[in-house]
Amino acid sequence: MEFSKSLVLFVSVCCLVVSSINAVPISRSQSLSVEVAAAPTPSHGHGLINGVVSKAVPHLAELQDLCKDGENVDLCIETIAPEIHGALDPVHAAIVEIGATLNETLKVSSIIRSLKEDPKTSKGMIDALDICADQYDLITDTIAMSLELMHQNDVAGAWTTFSAVISCQSTCEDAFKESPGEAFPFADDSKTLFQLGGNTLAILMRLNGETSPY
């Protein structure tokens, strides 16, 4: 599913807002180990059985309902289901999906660093990678801020803050689109990040009692 035009217009300015914030509640240099450990990193096959989430997943019907407005419902269920212990808590589910987005962000950031350090990487790709490096640093900071707000029970603030993730991801992709002849070296991971981010926003919207824009 695609974002509505109104949501895209809203998030398009969010990276600029995040980049102007000097004080970040949790620095990207800090561990964030609790949130990372709480969310499995999805594979590009999404760990599904023949492309379909197993019917044996606990709380499957509830998860399908919780994730139904996300970008990838199966991926949403796959990343949240292993972390359900007892009743399904939508707030905990949102935190897990934020953590999964963080895992994917750190994975892409590592790829970007490796490519930038590779002497075989072209000048055109380096220019695009520099933009992506900045954007993924912003994504990491944004996720850290969102997690902090969730732990403060400020779900509305987390939703507004997390919106910047999608805009920053798009800015990185645009950097490669504007560099003719340069392949996008982490297209699959970028897509996964977009889907995880969209899943998270859909859950946060729901927690805020908002109508889905999809």
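From the list D134, D154, D141, the one residue that fits, being out of contact with any Gly (no Cβ under 6 Å at 6 or more places or on another chain), farther than 20 Å from L193 by Cα and charged (D, E, K, R), is D154. Taking segment 173-200 as the range and being within 18 Å of I77 (Cα to Cα) and among the aromatic types (F, W, Y) as the test, only F194 passes. For the residues P82, P58, the requirement of being over 17 Å from the mean Cα position of the chain (by Cα) and not in a helix (DSSP H, G or I) singles out P58.
A quick yes/no check of all residues on (1) closer than 18 Å to A175 by Cβ; (2) surrounded by fewer than 17 Cβ atoms within 10 Å (Cβ to Cβ); (3) in contact (Cβ under 8 Å) with a residue 60 or more places away in the chain:
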| residue | (1), (2), (3) |
| --- | --- |
| Y136 | yes, no, no |
| T140 | yes, no, yes |
| S146 | no, no, no |
| Q152 | no, yes, no |
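Name the residues in segment 100-124 that are in a helix (DSSP H, G or I) and at pLDDT below 95, would you? K123, G124, listed by residue number.
The values are calculated or read from the model by the stated rules, or taken from the named source; none is laboratory data. A quick note: this is a predicted structure, and the numbers were derived from the prediction, not measured. Using ideal geometry, Cβ is built from the backbone for each residue, glycine included, and neighbour counts are taken over all protein chains shown.
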